[in-house]
Amino acid sequence: MKGSLTRQNKHIASHIIMLVWVFIVVFPLWVLVINSFKTRLTIYENPFWIPKKWNFNNYVTVLRDGDFLTYFKNSLVVVVLSLVIVTLVSSLAGYALASWKSRYSTIFYFLFISGMMLPIKIASIRLLEITRALGLLNTIWSLPPIYVAMGIPVGVFILTTFIREIPKSLMEAAYIDGASSFKIYHMIILPLIRPALATVSIYNLIPFWNDLWFPLIFINTEDQKTLLLGVTRLFGQYQTDWSKVLAVLTLSAIPVLALYLTMSQQFIQGVTAGAVKG
Amino acid sequence: MSKTKHTLQKKQQWRWFLYLMPALLFYVLFMAYPMLDSLRLSLYTGNSPHTRSFVGLGNFSKLFSDPTISERYWGAFFNTWYFFLIHLIFQNALGIIFAVILTNETMKGRQLYQTIIFIPTTFAVLVTGYLWKLILNPVWSGDFFVSIGLPFLKHPWLGDTKTALTCVALVSCWQWMGIPTMMFVAALRNISEEVLEAARMEGAGFFRLFFSIKLPLIKPVVGIIAVLTFVNNFNAFDIVFAMENVNGAPGYSTDLIGTLFYRYGIAGQHPIGIPDAGLGAAIATITFLVLLVGVIPTLKRTQGGQ
């Protein structure tokens, strides 16, 4: 009896700690959303409470000003393209590294993995020159190659580990039946590694979508800007009108947030996957 | 059978290399090579590949002997360490507490708490930064704090050189809290129930169980979190860019290595606006060495045996 009572008390303390943190997390989001429905002046009236009169004009203005949609489209193209390439090349490499029993295979594996601890920003100055030399500066096409390179270390790590766990007998049976190695990859490996491909995509989605650094140093042309770089421009443009700024911030956060809320468990697993070593 | 298998392997050798090619191409061309070549660039001066000339350690001596540049560098260097230490203390302390709570099987609502804790992690640092910049603005929120009887909260948090860096660091902690928490949760779940049960049979209480069994077993995770935070913070840029500006206002008190690198190596210093690629590469090279010296021993010490 006494035991269960102390246990209950412990839970009360736990709930209090969690609720305090939940408040600290949710409060700024509440501030963000309610104030985006105010106006330039009413935003100063009751900073942390709902508007007296809901104003939808901020959203209308931002969405009508075509730039926001251009930025959004650019980000979508860059992120989707980068994710497709990163999962494709990492799965090919993972297949090779898991099947190829050789000294070289180990060397290549460690070459890829070492990228997990190296921040690519260190290479920015040289990357800027390479991008310029390739004629990609000031276009959205300057971004996917770098994002793909950023995503490969964790992609190769997750996929190689995953493919190693597929029973060898499956591939050998197919080989004896005369299937080529590519056919094995295409018909057997790819369908089996779908969950791992999803993990790799989720892991990379947030850094790709939320990257500011590379767009900032590569892109200066208005119609080529990504969503976040565009947000910095709109921030400058609406500086005197915080309610519009907040509408821009809300709109830019919604896509990833919506994805997260629909599949939060996979997200949490995916984002922490790269860090948890076997 | 074994003979056919052998020739099969031989024949495959080059084929496997073909499978590696696409990933290698991207990885080498856009990561490994530019990174290593940036180290080389630190020994050169000139902004265009055509006019570049060798200066030996000239960039490094400029970085450490030019009065203005060296003052900025050391300022940013120590700010970055302070920024890192706040993360380390905050994330590990709160992360472990949250994780212990979230792995308590008999508690209700754990999934919901988990989901909420992780929300800020899905936000762009830029969005978080702009949002908190508004909340911490005394002109906007100050009167409200006074009206609820908390007048000490009306303070130019981001404009005061004493509080600015701490505030920026805490906002960054707010954003990333979900990751260390979930990594600790994963580590605690991996501890076998038998070990815990055995300890309970011996009469170990909650705190004893935590300090003698759980904590030693999650030490590798503390190491990984330390390394990840270390690497990320030596490159932090967005949060200062959003909340202050690339100069690390006020009075360079929030200047980090990331913002310093941007100003010297990429954008160019105000008012000249001409970047110094060699100097930038020198800053990057030192960061690279600091990371190497910091990361490898930490991993060795905490990941013992793996």
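Nothing in this text is a laboratory measurement; each read-out follows from the coordinates by a stated rule. Since we're looking at a predicted model, the values are computed, not measured. Reconstructed Cβ throughout: ideal geometry from the backbone, glycine too, with neighbour counts over all protein chains shown.
Couplings 3J(HN,Hα) of segment A:180-188, computed from phi: 6, 5, 5, 5, 5, 4, 6, 8, 10 Hz, in residue order, whole Hz [Karplus 6.51 cos²θ - 1.76 cosθ + 1.60, θ = phi - 60°; x for Gly and Pro]. Computed from the Cβ-Cβ distance with R0 of 56 Å, the FRET efficiency linking B:SER212 to A:LEU134 stands at 0.45. Rg/Rh for chain A stands at 1.08; both radii use Cα atoms, and Rh follows the Kirkwood definition.
Working note: Karplus 6.51/-1.76/1.60 with θ = phi - 60° gives segment A:87-104 the couplings 5, 5, 5, 5, 6, 4, 5, x, 4, 5, 5, 7, 9, 7, 8, 6, 4, 4 Hz, where Gly and Pro are set to x.
A Cα-only calculation for the protein assembly as shown places Rg and Dmax at 25.6, 85 Å. Measuring r between the beta carbons of B:ARG15 and B:GLN303 and using R0 = 30 Å, the FRET efficiency lands at 0.30.
Overall shape: oblate for chain B, with the ratio a/c of the largest to smallest alpha carbon gyration tensor axis at 1.5 or above and b/c at least equal to a/b.
Counting only DSSP H runs of at least 4 residues, each contributing -39500 (n - 2.57), and dividing by the residue count of chain B, the helix-based mean residue ellipticity at 222 nm comes to -20500 deg cm²/dmol. Rounded to 0.05, the FRET efficiency of the B:SER48 and A:THR221 pair, given R0 = 25 Å and the Cβ-Cβ distance, is 0.70.
The modelled label-to-label distance for the pair B:ASP160/B:LEU25, using points 7 Å beyond Cα in the direction of Cβ, is 5.7 nm.
Under the combined filter of DSSP loop state and at most 16 neighbouring Cβ atoms within 10 Å, segment A:124-220 retains none of its trypsin sites (Lys or Arg not before Pro). Amide H contacts of A:ASP211 (H built 1.01 Å from N, in plane; Pro and chain starts excluded): no residue 5 or more places away or on another chain comes under 5 Å. Put simply, the amide H of B:TYR44, placed in the peptide plane, has neighbours under 5 Å in B:VAL55, leaving out anything fewer than 5 places away on its chain.
Each of B:VAL28, B:VAL125 was scored by other Cβ atoms within 10 Å of its Cβ. Listed from fewest to most, they are B:VAL28, B:VAL125. Total lysine pairs in segment B:66-302 at Cα distances under 29 Å, for residues eight or more apart or on different chains: 7.
Once C-alpha pairs closer than 8 Å and six or more residues apart are averaged by separation and normalised to the residue number of segment B:9-84, the relative contact order reads 14 percent.
Note on B:LYS62: aspartates and glutamates with a C-alpha under 12 Å away, same-chain residues under 8 apart excluded, are B:GLU71, B:ASP276. How high is the relative contact order of chain B, in percent, counting Cα pairs under 8 Å that sit 6 or more residues apart? Once divided by the residue count of chain B, the mean separation gives 26 percent. The spacing between segment B:32-90 and segment B:203-253, judged by their C-alpha centroids, is 24 Å.
Computed per residue of chain A from DSSP H runs no shorter than four, each worth -39500 (n - 2.57), the mean residue ellipticity at 222 nm is -23000 deg cm²/dmol.
Computed from phi, the 3J(HN,Hα) profile of segment A:238-251 under the Karplus parametrisation 6.51, -1.76, 1.60 (θ = phi - 60°) reads 9, 3, 7, 10, 5, 5, 6, 4, 5, 5, 4, 4, 4, 4 Hz, with x in place of Gly and Pro. Counts of other chain beta carbons within 10 angstrom of each beta carbon in peptide B:65-74 average 0.
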